[in-house]
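Take a look at the structure below.
What follows draws every value from the coordinates through simple rules; no lab data is involved. Remember, it's a predicted structure, so these values are computed and weren't measured experimentally. All Cβ positions, glycine included, derive from the backbone under ideal geometry; neighbour counts span all protein chains shown.
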Amino acid sequence: MEVTVLVADKALAQRLLGWLVPDGDSLVELSAAAVERFCWYELPYKWPEDTPEQKWTVTVLADLLTEVGRVRAAAVCTSATTAQVLAAWQRSEQAGFAAYRKAAAASPTTPPDVAELSWGEVRGIQEALARANCERRLEQALDEGELDPDARTFPAGRRRLVQHWLTTAQPVFEGRSPLEAVRSERRELWAAARPTERRVLLAAVLPALAESCAAPADTAEPLRWLLEQIGDGVTLTQAGYLPRELVAAAFARYPHWYPIGKGPRSEADLFQLADLHELARTHRLVTKRHRVLKLSAVGRVQLTDPRLREHTAALAWLGTTAAERQVVESALCALWAEPRLREDLRDVVHPVLAAGFTHGDGTAMEGKETERLLWRFWHTGRELGYLDPERSIDAPISLSATGRSAALAALRLLAEGPSGHI
């Protein structure tokens, strides 16, 4: 692309073009989001320039963009936000990264996370392509007045636009929707991750994960029951436990929770109920004022939406640490193929955990640590109704009917979630 004489620094202009459009394309094709990334991250982090040179660089870039009619993109270069971000980078790398993330999050051309998809910081080819095209679609909507960044309705309107775009088939994704392309790529990357022992276990469940999500079963029945019992409010005991009548109702409904004696006297005696109570608190399904516990707005929605409730229960089953999630992932894949005795399940799961995790001093994970994590998996699965009640301690562990549906939900969270977190 030839640089006109209107640009004051032709050498710098040529350098910018080589960086931003290395294939010789026109700057007309450069998105405002790409200009933001350059001004807020690539220039201060990857170009060895001091503050005056950075300011001159964005001025030259603004001239180039103005020449080709890219007014919105040119405005990024000369904005107060860009000046603030560049100043932050001069203070420290940590301050620069923080300012960049804040500016990017506030940009109207940044696709927000939506219910269907949370964007990953580390992206595969398909997700990077989807992100770039979604940025262009948002910029088009802003340029054409379809979206107004100053309107009160802008956040909701942008979410609707992104949701529609993600779920609409596109030629660039070979007739699939961008959402389908991203999820498929994430599953492939997840399935290919090491170690080899893990890949062997995953093979049994991959075909089921590739199928379209069916209407969710009414899983996590004990959680639904507890939310129904709490409803508009129950009065907690002086010690903060659920009322005794609710404990008695739980014991009557789930007698296998307390198979010995005359029955529990309080929530402290019925740890399964206590754990469900804690799950509801952790995920903000309930609120407490003084001693009255009642459903929150989130809890009321989840009570009527099986998919959301299944999502919450799956998160609880997976746990919070990487080791917990690796054990649950491996155990679910193993049980998907067939019921397993406790010892067999440990022997299948432990090599995966030992290959993927070590202690801080470099020593390997021991079998007893795998057993402890498997106890948490078994314990939570039983509470949620995802594992069939065992006739004896020597009986095989097996997924219940709702447990198979929940297993797919939990594994999809791992396979299709953004890289690095759920």
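Quick notes on this one:
- Centroid-to-centroid separation of the range 168-213 and the range 37-73 [C-alpha atoms, Å]: 38
- Max-minus-min Cα coordinates of the chain on each principal axis give 91, 50, 46 Å, with the largest extent listed first.
- Net charge of the neighbourhood of residue 306, taken over other residues with C-beta under 11 Å away and scored Lys/Arg +1, Asp/Glu -1, is -1.
- As a ratio to 2.2 N^0.38 Å, the alpha-carbon radius of gyration for the range 197-271 is 1.66.
- Under 20 Å from the residue 75 label point (7 Å along Cα→beta-carbon), backbone N, the range 14-35: 27-35
- Counting every alpha-carbon pair across the range 2-103, the share separated by more than 19 Å comes to 37%.
- Centre-to-centre separation between the Cα atoms of the range 245-306 and those of the range 86-138: 40 Å.
- Extents of the range 84-146, taken as max minus min of Cα coordinates on every principal axis and listed largest first, are 36, 30, 20 Å.
- In a fully extended conformation the segment linking residue 55 and residue 169 would gain 36.9 nm over its present Cα-Cα distance, using 0.36 nm per residue.
- Summed side-chain charge close to residue 258 - residues other than residue 258 whose Cβ falls under 13 Å, Lys, Arg +1, Asp, Glu -1: +1
- With K and R counted +1 and D and E -1, the other residues having a Cβ less than 15 Å from that of residue 142 yield a net charge of -1.
- Cα-derived Rg to Rh of the range 136-225, Kirkwood definition: 1.14
- Evaluated at q = 0.11, 0.12, 0.14, 0.18 Å⁻¹: base-10 log I(q)/I(0), Debye formula over Cα of the range 250-402: -0.52, -0.62, -0.82, -1.18
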